[in-house]
Amino acid sequence: MFGDVPVEIRNEARVHLWYEERFGVPCPPYDSTEDAIASFPATTCALGARITPAGEWRLYAPYGVADAFDLRLRPNPRQAPRQVYEAKVARWTRDWPELTALPWP
């Protein structure tokens, strides 16, 4: 369906059950898929897509898509602690050196 494009599909419904033990901060259950997406550690990754019953694609991007197209990582301190964002930045910039990572606020 996505061809050569690397896509990660996640189920966020049970994150609240393990998040605090893994990352050290509580995570209340998400109210919706959109709520979960808006909490991703980098706003750049806060993108969701679905196909409607009519077969149309719907994009959810609470922080916009400009950073994704500009290859810029921007932290989202809403839920994830600083070390989570910085660990992801280290991995992503190692794999894709053309990315620019903005510092934690």
In order through the range 3-14: 3J(HN,Hα) via Karplus (6.51 cos²θ - 1.76 cosθ + 1.60), integer Hz, x for Gly, Pro: x, 8, 7, x, 10, 10, 10, 10, 10, 8, 5, 10
Debye equation applied to the C-alpha atoms of the chain, log10 I(q)/I(0) at 0.17, 0.21, 0.22 Å⁻¹: -0.90, -1.28, -1.36
Got a sec to turn the phi values of the range 52-68 into Karplus ³J(HN,Hα) couplings, 6.51 cos²θ - 1.76 cosθ + 1.60 with θ = phi - 60°, whole Hz, x for Gly and Pro? 6, x, 7, x, 8, 7, 10, 10, 10, 9, x, 10, x, 10, 4, 4, 4
Non-local residues with an amide H under 5 Å from the amide H of Leu73, with H modelled 1.01 Å from N and Pro and chain starts lacking one, are Thr100, Ala101, Leu102
Let me have the 222 nm mean residue ellipticity of the chain computed from DSSP H runs of 4+ only, each contributing -39500 (n - 2.57), with the sum over all residues rounded to the nearest 500. -8000 deg cm²/dmol
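Here, each number is a calculation from the coordinates, and none is a lab measurement. Note that this is a predicted model, so its numbers are computed, not measured.
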